[in-house]
Amino acid sequence: MDGNGRWAKARGLPRTAGHTEGEENLASVVRAAVQRNVGWLTAFGFSTENWVRPRTEVRHILGLHEKLFGRVAELNELNVRIQWIGRPFGSPDARTPKYVQRAIRKAIADTAANTGMTLTIAFDYGSRAELARAAQQIIADGVPATIETLQQRLYLPDLPAVDVLVRTSGEMRISNFLLWQIHASKVYFTEKAWPDFDEHELDAALSLLQ
Ligand code: FPP
């Protein structure tokens, strides 16, 4: 969901306003995805690399995650189950603050019975940390390293392989996102900043699957 900062700058607004718009747009894209019978949607909300951003910006993005995970009534209405992917709360390098942990836990519990789309939010997530941890667990468990044993030790072993990866705002790179899971993925690059990514863009991305 790249380009929130540039979207705001182009309108003479602070970067935080771009993130606020970005969170609102994610809610719209979730609705559009549900209408199109998308089974799994995963959004990169905050990476293991993003903590170096200015404190006020980080605090704002954390607040937006608390807000998003609080939209339980809306998710239930859409029959959407929410889950989270990131460094496990108990691990030594994890950085998710307690209040965001609480919002995540509550949203997961309160939408667990929904049977429609699964929305996965990546927060404090980095693919290389995920893979390093899986490798360490393979060593600790003393099992052979295979595709299956590694898959089983990912943060979310049941997250299916990605069909389409979307990168907004003209950035032609992947940035440590689901590197294992995108092995066979189509990639949709668009010049549009994330807040301008609408249902037409979603249709264009999904058309790569035909
Ligand atoms: C990248 O754009 C965006 C982020 C690091 C944060 C993404 C957050 C949101 C879309 C809002 C909240 C989302 C959730 C899931 C609650 P950028 O800031 O790097 O933009 P720039 O490249 O134009 O500076």
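Each reported figure results from applying straightforward, stated rules to the coordinates on display, with no laboratory input. Only a predicted model underlies this, so the values are computations on that prediction, with no experimental measurement involved. Please note: Cβ atoms are built from the backbone with ideal geometry, for glycine as well, and neighbour counts cover all protein chains shown.
Points worth noting:
- Mean separation of Cα contacts under 8 Å, 6 or more apart, over the residue count of segment 93-188: relative contact order %: 26 percent
- Based on the Kirkwood approach, the hydrodynamic radius assigned to segment 17-135 is 14.8 Å, with every pair of different Cα atoms included.
- Calculated FRET efficiency for the pair T56/D158, C-beta based, R₀ 35 Å, to 0.05: 0.45
- With N counted as the residues of the chain, its alpha-carbon radius of gyration over 2.2 N^0.38 Å works out to 1.01.
- Peptides 39-47, 116-124, ordered by how many other C-beta atoms sit within 10 Å of their residues on average, highest first, read 116-124, 39-47.
- Each Lys and Arg adds +1 at its Cβ and each Asp and Glu adds -1 at its Cβ; summed about the Cα centre, the chain shows a dipole of about 680 debye.
- The overall shape of segment 85-160 is oblate: from the C-alpha gyration tensor, with semi-axes ordered a ≥ b ≥ c, the ratio a/c is 1.5 or greater and a/b is no larger than b/c.
- Expected 222 nm ellipticity per residue - DSSP helices of 4 or more, -39500 (n - 2.57), all of the chain, to 500: -13000 deg cm²/dmol
- Contact order normalised by residue count of the chain, Cα under 8 Å, 6+ apart, percent: 26 percent
- Of K9/K106; K9/K67; K67/K98, pairs whose Cα-Cα distance is over 25 Å: K9/K106
- Ranked packing of 165-173, 146-154, most packed first, by mean Cβ within 10 Å: 165-173, 146-154
- Radius of gyration over Kirkwood radius for segment 1-79, both on Cα atoms: the Rg/Rh ratio is 1.00.
- Local charge for L68 was computed over the other residues whose Cβ lies under 11 Å away, with Lys and Arg +1 and Asp and Glu -1, and equals -2.
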